[in-house]
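J.: Supplied in structure tokens, the structure appears directly below.
Rule-based calculations on the coordinates, nothing more; no lab input. Predicted, not measured: the structure shown is a model, and the values here were computed from it. Here the Cβ is made from the backbone with ideal geometry for all residues, glycine too, and neighbour counts use every protein chain on show.
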Amino acid sequence: MDSYNHFNAEEFLENPSFRAWVYGKSSPAETDYWKRFLREYPQAEEAILEAKSILLTLVEPEVIMSDEYIRQRSRRILEKTSSLGVKRSFWRWGGSMAAILVLTAGLGGWLIWKNQAIRPPLPVTQAKAVVKEHWNEIINESQQSRLVLLPDGSSAVLQSQSRIAFPKKFDATKREVVLVGEAFFEVKKNAKQPFFVETNEVITRVTGTSFTIRAFESAKQVKVTVKTGTVAVFKKAQQEVSPQVVRPNQQATFERQNQTLSISGSPLPELTVLEKEPFTFTRTPISEVFRILEKNYGVKINYDSELMRHCTLSAELGDKPVLEKLTLICAGIESTYEYQDGKITIHSKGCH
């Protein structure tokens, strides 16, 4: 353990035992070692998450990958993300944690919600009053979904006849969004800057996860459906009361008539395409990857299909916001992208 004084992701990537643990192939003794390592060196979490995220982009279940192949591909991804201008902190919350990390994160999140004073965002009426000067407001009057990029890199897919308002720059200690209607959120993980979504009577609080909120003004209910991670939902009028914790495949329902908030589990009502899509690919043709992104996010992706006909992707992209997904995809196929006016353009030299 003493060899990891500076906790660089590269050191973990070079360690065969660490790679075996990430891929679920470690011996019981090795598994115990890494669990003990996490307990004794919590300051290594950032480097471990970065290394784990990179390794998970290389997953190909039916292919035996040599250690040398993994090392080379890991280095190339690190170099590629650096050349794309991606900060190293991008990887901090990039990958799903192993069981011990999930348990640790879950406990930590609960303690934060339990003990930290919850300061809700501006009421809807206040947000409307300042939106012109300090906030952006986006209204989707079309019949199609619309991708909205938030200041921190999180993303929201805004549904028809819905509107969203958010500051031009998030506060250093919290991120606040006001929603009327329906949107699917993929929130960039940042435990030090919790993310709030206000929908009149209900506030949803997360640090990084994916979920849908349905809160149309004329509806009798407000619904929060969780795809990944954990969220806290509470009534604005009872801010000091412990929030309801909602986990994957659960839904929180607020009844406006009697002001009650309840949690229901599987089986949930019919889920949307975004709520069901795992964003997991195994040697998937890049044309199919782009088709799935276009369908789910309502964006147009321009690329040279003939030039990229041999490109495939093996990656677990999960609940990363859309631009993080694109960064990982482009790192995997040695390409770059541009996002402008709701359109994505891929620049590539092709794959061999």
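J.: Using alpha carbon centroids, what distance separates the range 6-25 and the range 186-245, in Å?
T.: One Cα centre to the other: 35 Å.
J.: What share of all Cα pairs of the range 244-319, in percent, falls into each consecutive 10 Å distance bin?
T.: All Cα pairs, binned at 10 Å, distribute as 15, 33, 25, 16, 9, 2 percent.
J.: Something else: Note down the magnitude of the dipole of the range 164-242 about its Cα centre, charges +1 on Lys and Arg C-beta and -1 on Asp and Glu C-beta and zero elsewhere, to the nearest 20 debye.
T.: The dipole magnitude comes to about 260 debye.
J.: Next question, about the same structure. At 0.36 nm per residue, minus the direct Cα-Cα distance, what do Arg256 and Tyr23 gain on full extension? Give it in nm, one decimal, please.
T.: 79.3 nm
J.: Also, I was wondering about something else. Give me the three principal axis extents of the range 11-58 from the C-alpha atoms, as integers in angstrom, largest value leading.
T.: Principal-axis extents of the range 11-58 (Cα, largest first): 26, 24, 14 Å.
J.: On to the next question. So which of Lys52/Lys325; Lys223/Lys276; Lys223/Lys343; Lys25/Lys295; Lys168/Lys192; Lys174/Lys227 end up more than 26 Å apart, counting from Cα to Cα?
T.: From the list (Lys52/Lys325; Lys223/Lys276; Lys223/Lys343; Lys25/Lys295; Lys168/Lys192; Lys174/Lys227), the Cα-Cα distance tops 26 Å for Lys223/Lys343; Lys25/Lys295.
J.: Under a plain spin-label model, where a point goes 7 Å from the Cα along Cα-to-Cβ, how far apart in nm are Thr336 and Glu277?
T.: Modelled inter-label distance: 2.6 nm.
J.: Summarise the long-distance tail of P(r) for the range 166-296 by giving the % of C-alpha pairs beyond 21 Å.
T.: Summing the P(r) of the range 166-296 above 21 Å gives 44 percent of all pairs.
J.: Starting with the highest mean, order 221-227, 207-213 by the number of other Cβ atoms within 10 Å, averaged over the residues of each peptide.
T.: Details: 221-227: 22.0, 207-213: 23.7.
Order by mean packing, descending: 207-213, 221-227.
J.: Would you work out which of Ala232, Ile344, Phe279 lies farthest towards the positive end of the dipole of the range 201-344? Charges go on Cβ: Lys and Arg +1, Asp and Glu -1.
T.: Among Ala232, Ile344, Phe279, the one farthest towards the positive end of the dipole of the range 201-344 is Ala232.
J.: Right, here's the next one. For a protection proxy built on the mean count of beta-carbon atoms within 10 angstrom, sort 199-206, 342-349 highest first, please.
T.: Highest mean packing first, the order is 199-206, 342-349.
J.: Let me ask something additional. Could you estimate the translational diffusion coefficient of the range 286-330 from the Stokes-Einstein equation, with Rh from the Kirkwood formula over C-alpha pairs, at 10 °C and 1.306 mPa s, in whole µm²/s?
T.: 142
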